[in-house]
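Report on the structure given below.
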Amino acid sequence: MCHGFTPLHDLSTHRRVLRCTCGNLHVIWHDLNFALNHQEFSDLQGLLRRDDPQATQADWALHTGTHGTRLWCGATGVTFTTSDFGAFRHLILHAHPRPLN
């Protein structure tokens, strides 16, 4: 169970990236909470650095269509509006966690 968090980057109290005492990185987007290890977070950053609306990287995939941008992690996905996806991308790309040793 997670007990303590260190903020790494936030856009608001409902849009943030936190380092947990367990070592995971929590990506909070309103009611969505991805608890990612360092490699999973790094893979997500790599995916979002690419300029490809249909990119894949490790377990992550993007699909941009008429209804917005879908971000998939394995079989779980979330759809963002264009402006929300831009904000989400900014949030992830501006968090700079260091791996725990």
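The values are calculated or read from the model by the stated rules, or taken from the named source; none is laboratory data. The structure displayed is predicted, hence computed values, not measured ones. For neighbour counting, all protein chains shown are included, and Cβ atoms are generated from backbone atoms with ideal geometry for every residue, glycine included. Calculation scope for accessible area: heavy atoms of the full protein, side chains included, ligands and nucleic acids excluded. Shrake-Rupley method; radii C 1.70, N 1.55, O 1.52, S 1.80 Å.
Descriptive notes on the structure:
- Selection count where residues are of a type outside the set (A, V, I, L, M, F, W, C) and over 16 Å from L47 (Cα atoms), scope the range 57-75: 4
- The range 73-98: number of residues that are among the hydroxyl-bearing types (S, T, Y), in a loop (DSSP other than H, G, I, E, B) and touching a Lys or Arg at 6+ places or on another chain (Cβ under 9 Å): 0
- Residue list for the range 41-57, filter: within 23 Å of C20 (Cα to Cα) and not acidic (D, E): F41, S42, L44, Q45, G46, L47, L48
- Some residue of the range 64-72 being polar (S, T, N, Q), open to solvent by less than 80 Å² (accessible area, probe 1.4 Å) and assigned to a loop (DSSP other than H, G, I, E, B): no
- Residue check: A75 meets all listed conditions (1) over 19 Å from P97 (Cα atoms); (2) surrounded by 11 or more Cβ atoms within 10 Å (Cβ to Cβ); (3) hydrophobic (A, V, I, L, M, F, W, C) but one, namely (2).
- Residues that are in a helix (DSSP H, G or I) and either of a type in the set (V, I, T) or open to solvent by 30 Å² or more (accessible area, probe 1.4 Å) (or both), drawn from the range 10-56: H38, Q39, E40, S42, R49
- Considering residues of the range 92-101 that are open to solvent by less than 40 Å² (accessible area, probe 1.4 Å) and out of contact with any His (no Cβ under 6 Å at 6 or more places or on another chain) only, the residue farthest from H26 (Cα to Cα): L93
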